[in-house]
C-alpha cells in the first residue's frame, strides 16, 4: 500500500475538482477529504487493539462497495438535512475519495499473497493488483506494540517511497488546486475573478477666486 502522503494528495486533488471554480478553499472540507481518502486504512485500528496491526488490513474496507455504502449513508443524511441541492454531489465526492484509496493500493508493489485488494468485494473474493507504480510500505507485522509499529513506518524504504509518491501525485494535485481556486484571493479582496480592480478615484481640489 502507498503511505498516507499519496492518499492525502489524491484527496486534495479530488476536493479541488469537486469545488466550484474560483471559490475559496474550505479547510475543514479539505481535511475531511484527506481523511476519507485514507479511510480504508482505518481497518488497522482493530488490529492495533489486539496487538496485530495487519490482522484485518486490506479487508472489506478496501473495496469499491464500501465506498458506495458510505456514499449512500452520506446522501441520506444530507437529503434529510435539507441539503438536497448538494446531497448527490457530496455523496459522489465521498465515493470517489474512498475509491481513490482502493485504486492506489492496487497500483502498489505487493510482497505477499493475496496480491492486491478485494476491489470487487462482495461480488468477487479475488484480489485485484493493477500495476507496480508505488513502493510497498514496509512495516512490522505479527504481534507488536503500537509505538514500535509506528516507528517501523519511518524506515529508509518508506521515506524513499514517500518522495516517489510526492513526485507522482503532487504535480497534478497542485495543478488542480491552482485551477479551481485561482480566483480565491481576488474574491476575498472584494474583486470578482477575471475582473481588474478599478483605480482609486482622484478628487481634484482647487481654490475659488475671491472677487
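The values are calculated or read from the model by the stated rules, or taken from the named source; none is laboratory data. Since the structure is predicted, the reported quantities are computational estimates derived from the model, not experimental observations. As a convention, Cβ positions derive from the backbone with ideal geometry for all residues, glycine included, and neighbour counts pool all protein chains shown.
Applying the criterion of being assigned to a helix (DSSP H, G or I) and without any contact (Cβ under 8 Å) to a residue 12 or more places away in the chain to the residues of segment 75-88, the residue that is surrounded by the fewest Cβ atoms within 10 Å (Cβ to Cβ) is 85.
Restricted to segment 102-119, and to residues there that are out of contact with any helix residue (DSSP H, G or I) (no Cβ under 7 Å at 6 or more places or on another chain) and part of a loop (DSSP other than H, G, I, E, B), the residue that is nearest to residue 68 (Cα to Cα) is 107.
It is to be established whether one or more residues within segment 52-74 are in contact (Cβ under 8 Å) with a residue 60 or more places away in the chain and farther than 17 Å from residue 116 by Cα. Checking segment 52-74: at least one residue is in contact (Cβ under 8 Å) with a residue 60 or more places away in the chain and farther than 17 Å from residue 116 by Cα.
On the given criteria, is residue 125 more than 16 Å from residue 44 (Cα to Cα) and more than 18 Å from the chain's Cα centre (by Cα)? Here the answer is yes, as residue 125 does meet what is asked.
One residue stands out among those in segment 119-176 that are at pLDDT below 90 and touching a strand residue (DSSP E or B) at 6+ places or on another chain (Cβ under 9 Å): the one that is farthest from residue 60 (Cα to Cα), which is 135. The combined condition, being in a helix (DSSP H, G or I) and either touching a residue at least 40 places away in the same chain (Cβ under 8 Å) or in contact with a strand residue (DSSP E or B) (Cβ under 8 Å, 6 or more places away or on another chain) (or both), is fulfilled by residue 36.
Tell me whether segment 89-101 contains one or more residues that are at negative phi, assigned to a helix (DSSP H, G or I) and in contact with a strand residue (DSSP E or B) (Cβ under 6 Å, 6 or more places away or on another chain). Looking through segment 89-101, none of the residues is at negative phi, assigned to a helix (DSSP H, G or I) and in contact with a strand residue (DSSP E or B) (Cβ under 6 Å, 6 or more places away or on another chain). Do we find that residue 163 is surrounded by 13 or more Cβ atoms within 10 Å (Cβ to Cβ) and assigned to a helix (DSSP H, G or I) in this structure? For residue 163, the condition - surrounded by 13 or more Cβ atoms within 10 Å (Cβ to Cβ) and assigned to a helix (DSSP H, G or I) - is not met. Those residues that are assigned to a helix (DSSP H, G or I) and over 15 Å from residue 8 (Cβ atoms), I need them from segment 172-181; list them, please. Selection gives 175, 178, 179, 180.
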